[in-house]
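Taking it in order: structure first as structure tokens, then the write-up.
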Amino acid sequence: MVKMSLDPVQVMSGQVKELKVATSSNGDSRGSWEEKEEFDQDHLGLTTKPKPPKPENAVTIAVSSRVLFRTEREQKVFEQQGVEEYLRYQIEHENEPFAPGPAFPFVKALETVNARLRELYPQSEELFDIVLVTYNHAHVGIRLINTINHHNLFIERFCMTGGSSPIGYLKAWHTNLYLSADSEKVREALAEGIAAATMFMPEKLTEVSESQLRVAFDGDAVLFSDESERIFKAHGLDKFFEHEKDNEDTLLDHGPLKGFLEALGKLQKKFYAKGQRLDCPIRTYLVTARSAASSGIRALKTLRAWGLEIDEALFLAGAPKGPMLEKIRPHIYFDDQMFHVEGAAEMGTIAAHVPYGIAQKHNPKQKTSVAK
């Protein structure tokens, strides 16, 4: 089994020796939002990082500080010495960067896709926009900024809630996906219609592509509703196959991550329009326990009717998913069952749990945090 640990306070983290921001003519630390330049300029007038897109135009990925970075040491301070000592510790160590967490390779891959999109569409705001979400007090923000700069990440939007729930802010950001180590907040986000998952870090890590974002999805209760899963849980495998055959021309209802797959597909099509289908830096996978001949056709017909293209579909007919995921090497894999999440993590895959649907009632021991 994969070891998991709970961190009730999401830590803000960072490392740079000095943070310098150019001021505009009116004294603001950044130029006007109305400026049309594609890139900001630093205090020497040199072109630096591009501006983040407007939230309504972007594919917004909200990531908690606890899954983007490793914060186990700080959590021990919080648990053993309390919040005041925890805040003091963070301030004293604000020039020490946190190590990458389970969401780090995923975020780096998003930035790689953005770089390719900017080459093809310099003026477009249809990009990934990453928002860092943390329960921390703003006092800890300097360490987070420092760490982001130390790791050369392009994250300009922060949401530091000081212990309050971030869900309302996620809706204001038009969030397409929320990744957290707090399963309760993930459930809260799902209840509000926001695609969300609880992230876990495997004890060993498989190397992932630095040039192509790879995202793998389970089918039922992730991309699709849990309708068919309910039949299986209530009546067994034979009734499930019978139900799927009788309903193969009836579309499955959508699941919690359908919208995120749609967002990925929208960006993929921008590459296809430039003749880069075979060189697209986004690749998607369906990895399902369904059997192809017995129950696969309904899933594929549903995706086709939705206008969604999955690059690769693996129908495993109940075989373990871990070995297949080890070959795919996704930056993230989404599944509604902890059994599959743990199996993937044991093989070195970054796996995320989607706590949605009937499977949660059959999974009483919900491990809900990042592995040490």
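General observations
- All positions within region 193-204 that are under 17 Å from the mean Cα position of the chain (by Cα) and part of a loop (DSSP other than H, G, I, E, B): GLY193, ILE194, ALA195, PHE200, MET201, PRO202
- Just one of the numbered conditions (1) surrounded by 21 or more Cβ atoms within 10 Å (Cβ to Cβ); (2) farther than 20 Å from ASP129 by Cβ; (3) not aromatic (Phe, Trp, Tyr) is not true of THR250: (1).
- Only listed residue being open to solvent by 10 Å² or more (accessible area, probe 1.4 Å), of a type outside the set (A, V, I, L, M) and either part of a loop (DSSP other than H, G, I, E, B) or modelled with pLDDT of 95 or more (or both), chosen from PRO320, PRO330: PRO320
- Taken together, ALA263, ALA359, ALA292, ALA351 contain a single residue that is within 14 Å of GLY219 (Cα to Cα) and either at pLDDT 95 or above or within 23 Å of the chain's Cα centre (by Cα) (or both), which is ALA359.
- Search result, residues across region 248-294 that are of a type in the set (Ser, Thr, Tyr) and either part of a strand (DSSP E or B) or more than 15 Å from SER228 (Cβ to Cβ) (or both): TYR272, THR284, TYR285, THR288
- Test: residue in region 169-176 that is of a type outside the set (D, E, K, R) and assigned to a loop (DSSP other than H, G, I, E, B): yes
- Residues that are of a type outside the set (A, V, I, L, M, F, W, C) and in contact with an Asp or Glu (Cβ under 6 Å, 6 or more places away or on another chain), drawn from region 212-225: ASP218, ASP220, SER225
- Criterion applied to SER180, SER211 was being surrounded by fewer than 24 Cβ atoms within 10 Å (Cβ to Cβ) and among the small types (Gly, Ala, Ser), and the one residue passing it is SER211.
- Those residues of region 295-350 which are in contact with a Pro (Cβ under 9 Å, 6 or more places away or on another chain) and polar (S, T, N, Q), in sequence order: THR349
- Just one of the listed residues (LYS185, LYS204) is surrounded by fewer than 17 Cβ atoms within 10 Å (Cβ to Cβ) and either touching a residue at least 60 places away in the same chain (Cβ under 8 Å) or charged (D, E, K, R) (or both), namely LYS204.
- Among (1) on the phi < 0 side of the Ramachandran plot; (2) touching a residue at least 24 places away in the same chain (Cβ under 8 Å); (3) not charged (D, E, K, R), the one test that ALA273 misses: (2)
- Which numbered condition VAL341 fails, given (1) open to solvent by less than 30 Å² (accessible area, probe 1.4 Å); (2) part of a loop (DSSP other than H, G, I, E, B); (3) among the β-branched types (Val, Ile, Thr): (2)
- Filter result for GLU125 (at negative phi and either open to solvent by less than 10 Å² (accessible area, probe 1.4 Å) or not in a loop (DSSP other than H, G, I, E, B) (or both)): no
- Test: ALA197 is at positive phi and touching a residue at least 40 places away in the same chain (Cβ under 8 Å): no
- Matching residues in region 72-92 - criterion: being open to solvent by 80 Å² or more (accessible area, probe 1.4 Å) and over 26 Å from the mean Cα position of the chain (by Cα): GLU79, GLN80, GLN81, GLU84, ARG88, GLU92
- For VAL63, the conditions (1) assigned to a loop (DSSP other than H, G, I, E, B); (2) within 25 Å of the chain's Cα centre (by Cα) are fulfilled apart from (1).
- Extreme residue, nearest to GLN90 (Cα to Cα), among residues of region 106-163 that are within 16 Å of the chain's Cα centre (by Cα) and β-branched (Val, Ile, Thr): THR134
- Screening ARG298 on (1) open to solvent by less than 20 Å² (accessible area, probe 1.4 Å); (2) within 23 Å of LEU177 (Cβ to Cβ) shows it passes everything except condition (2).
- Region 266-288, subset buried (at least 18 other Cβ atoms within 10 Å of the Cβ) and of a type in the set (Lys, Arg), residue nearest to the chain's Cα centre (by Cα): ARG283
- Residue check, ILE148 out of contact with any Phe, Trp or Tyr (no Cβ under 8 Å at 6 or more places or on another chain), in contact (Cβ under 8 Å) with a residue 60 or more places away in the chain, surrounded by 21 or more Cβ atoms within 10 Å (Cβ to Cβ) and in a helix (DSSP H, G or I): yes
The values are calculated or read from the model by the stated rules, or taken from the named source; none is laboratory data. Here the structure is a predicted model, which means the values were calculated and not measured. Neighbour counts run over all protein chains shown; Cβ positions are idealised from the backbone, glycine included. Heads up: the accessible areas ignore ligands, DNA and RNA and are worked out on the full protein's heavy atoms, side chains in. Shrake-Rupley method; radii C 1.70, N 1.55, O 1.52, S 1.80 Å.
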